[in-house]
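> Before anything else, here's the structure in question.
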Amino acid sequence: MQRSFTLGAILALAASALAPAAGAAEKPSTYPDRPIRLMVPFPPGGGTDLVSRTMQPALQQRLGQQIVIDNRGGAQGVVGTQIAASAAPDGYTLVIAEIGATALAPALIPNPGFDVVKDFEPITQLITQPYIMSIHPSVPAKNLGEFVKLAQAKPGALNYGSGNVTAHVMQEVFFRTAKISLVHIPYKGSGPSVAALVQNEVQTIFSGPGAAIPQIKAGRLRAIAVTTIKRSRELPEIPTLDESGYKGFEISGWYGIMAPAKTPKAIVNRLNSDIVAVLTTGETPKILAARGYDPAPTTPEAFTKYLRSEVARWSKAVKDYGIKSIE
């Protein structure tokens with residue numbers, strides 16, 4: 001028996017065969033089916049790199065795919081963040097967000113090449129951290145008060161380093177509060193800035209705990225203050241800036257993770273679920289805590305709200321303190 005079809009029926013069948021199933025773009029049923037690139041917009045050895053590599057094994061296990069860490073330092077984290085912003089929104093390129101590149105740089109660079117609010121899908125916050133103020137052991141100061149007196153007596157004689165825009169702005173804010181003047185020397189990440197302090201190229205830095213704590217415990221650096229309102233769990237003997245006479249001075253660093261804008265919501269949710277699990281179960285949160293980081297996972301919505309508040313906060317700080325540029 002021979003069947004006959006009208007031209008309209010044939011076209012309808014062809015269209016239905018070619019059209020994706022309803023909601024296919026939102027259903028990551030096979031996601032991920034290849035390695036995922038995680039952009040770390042700073043060189044190896046710094047805090048963003050350390051946190052990423054600490055999470056990497058457990059996250060690979062949960063996702064069933066390799067996580068390829070791609071360190072792209074430059075312009076205080078802006079270069080790597082730009083690359084991620086222009087990547088395909090398919091869940092195979094993610095980027096570590098940190099306070100400097102996402103909240104501070106846009107306030108200091110007229111056209112950073114991305115808008116953190118419009119060009120990204122926030123997935124989750126990862127950690128919070130104190131910044132540690134350290135000095136070289138050769139500096140004749142045993143505490144913050146002695147260091148400030150030394151710097152006040154010798155304006156412009158001491159150098160300070162920064163590995164990212166966050167550390168740079170934090171130090172500028174503190175130095176202006178303390179009425180001291182130091183010469184700034186920029187580095188391309190926290191790892192290089194800590195190494196510079198160990199070598200006495202600079203006499204002080206603010207840095208995250210990951211790169212600094214091992215050098216402090218080895219006696220190659222002297223910690224004199226932390227920037228959070230509470231003391232560091234890993235350095236309980238080191239006073240806060242608030243305790244050292246600078247009442248109310250408190251800044252916490254943070255990292256998060258984002259995908260390019262228009263990444264399907266189902267993929268964002270899948271990544272959020274797995275990353276939150278990595279940060280709250282197993283050995284990963286213990287390892288992070290031992291290195292001075294406090295896991296702080298959130299929902300995508302909560303991280304989006306927090307990002308926007310940080311952009312507003314730091315834009316105001318840059319304006320209020322008259323900070324004009326970054327190096």
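The values are calculated or read from the model by the stated rules, or taken from the named source; none is laboratory data. The structure presented is a predicted model; accordingly, all values stated were derived computationally and were not measured. Please note: Cβ atoms are built from the backbone with ideal geometry, for glycine as well, and neighbour counts cover all protein chains shown. Protein only, heavy atoms only, side chains kept; ligands, DNA and RNA dropped before computing areas. Shrake-Rupley method; radii C 1.70, N 1.55, O 1.52, S 1.80 Å.
> Take the conditions in contact (Cβ under 8 Å) with a residue 24 or more places away in the chain, open to solvent by less than 10 Å² (accessible area, probe 1.4 Å) and of a type in the set (A, V, I, L, M) and apply them to Ala178. Does it pass?
The answer is yes for Ala178.
> Ser190: under 20 Å from the mean Cα position of the chain (by Cα), at pLDDT below 95 and open to solvent by 10 Å² or more (accessible area, probe 1.4 Å), yes or no?
Against the criterion (under 20 Å from the mean Cα position of the chain (by Cα), at pLDDT below 95 and open to solvent by 10 Å² or more (accessible area, probe 1.4 Å)), Ser190 qualifies.
> Quickly run through segment 134-153 and pick out the residues that are more than 23 Å from the chain's Cα centre (by Cα) and either buried (at least 22 other Cβ atoms within 10 Å of the Cβ) or modelled with pLDDT under 95 (or both).
Ile135, Leu144, Phe147, Ala151
> Considering only segment 45-53, I want to know if a residue exists there that is assigned to a helix (DSSP H, G or I) and surrounded by fewer than 20 Cβ atoms within 10 Å (Cβ to Cβ).
So far as segment 45-53 goes, yes, one or more of its residues are assigned to a helix (DSSP H, G or I) and surrounded by fewer than 20 Cβ atoms within 10 Å (Cβ to Cβ).
> Within segment 88-108, work out how many residues are open to solvent by 20 Å² or more (accessible area, probe 1.4 Å) and either of a type in the set (Lys, Arg) or at pLDDT 90 or above (or both).
4
> Consider Val40 carefully, then state whether it is in contact with a Leu (Cβ under 9 Å, 6 or more places away or on another chain) and at pLDDT 85 or above.
no
> Something else about it: Consider only pairs whose beta carbons are under 7 Å apart and that are at least six residues apart or on different chains; among these, list those whose first residue lies in segment 293-318 and is open to solvent by less than 20 Å² (accessible area, probe 1.4 Å) and whose second residue is hydroxyl-bearing (Ser, Thr, Tyr).
Between residues of segment 293-318 that are open to solvent by less than 20 Å² (accessible area, probe 1.4 Å) and residues that are hydroxyl-bearing (Ser, Thr, Tyr), the close pairs are Pro300/Thr124; Phe303/Thr124; Leu307/Thr102.
> Separate question: Find the residue count for segment 54-79, including only residues that are over 17 Å from Trp254 (Cα atoms) and not in a strand (DSSP E or B).
Qualifying residue count for the region: 16.
> Turning to a different aspect of this structure: Do the conditions hold for Ala225, that is, is it in contact with a helix residue (DSSP H, G or I) (Cβ under 7 Å, 6 or more places away or on another chain) and farther than 30 Å from Val95 by Cβ?
yes
> Is it the case that segment 259-275 has a residue that's in contact (Cβ under 8 Å) with a residue 60 or more places away in the chain, assigned to a helix (DSSP H, G or I) and in contact with a Ser or Thr (Cβ under 6 Å, 6 or more places away or on another chain)?
Yes, some residue in segment 259-275 is in contact (Cβ under 8 Å) with a residue 60 or more places away in the chain, assigned to a helix (DSSP H, G or I) and in contact with a Ser or Thr (Cβ under 6 Å, 6 or more places away or on another chain).
> A further question follows. Restrict the check to segment 223-230 and report whether at least one residue is part of a helix (DSSP H, G or I), over 30 Å from Arg308 (Cβ atoms) and in contact (Cβ under 8 Å) with a residue 24 or more places away in the chain.
Scanning segment 223-230 turns up no residue that is part of a helix (DSSP H, G or I), over 30 Å from Arg308 (Cβ atoms) and in contact (Cβ under 8 Å) with a residue 24 or more places away in the chain.
> Here's something else I'd like to know. Go through segment 125-195 and tell me which strands (runs of 3 or more DSSP E), entirely inside it, have 1 or more residues that are within 29 Å of Pro297 (Cα to Cα).
132-135, 159-162
> Another question, if that's okay. Would you be able to say whether some residue in segment 308-320 is of a type in the set (Val, Ile, Thr) and out of contact with any helix residue (DSSP H, G or I) (no Cβ under 9 Å at 6 or more places or on another chain)?
There is no residue in segment 308-320 that is of a type in the set (Val, Ile, Thr) and out of contact with any helix residue (DSSP H, G or I) (no Cβ under 9 Å at 6 or more places or on another chain).
> Quick one: count up the residues across segment 282-292 that are open to solvent by 20 Å² or more (accessible area, probe 1.4 Å) and not in a helix (DSSP H, G or I).
3
> In segment 208-237, what count of residues is obtained for those that are among the acidic types (Asp, Glu) and surrounded by 15 or more Cβ atoms within 10 Å (Cβ to Cβ)?
Number of matching residues: 1.
> What pairs come out if I take residues in segment 86-102 that are on the phi > 0 side of the Ramachandran plot and pair them with residues that are surrounded by fewer than 24 Cβ atoms within 10 Å (Cβ to Cβ) and of a type in the set (A, V, I, L, M, F, W, C) whose C-beta lies under 7 Å away, six or more apart or interchain?
Listed pairs, sorted by first residue: Gly91/Ile267.
> Right, Ala84: open to solvent by less than 10 Å² (accessible area, probe 1.4 Å), closer than 20 Å to Val276 by Cβ and either of a type in the set (Val, Ile, Thr) or in contact with a strand residue (DSSP E or B) (Cβ under 7 Å, 6 or more places away or on another chain) (or both) or not?
no
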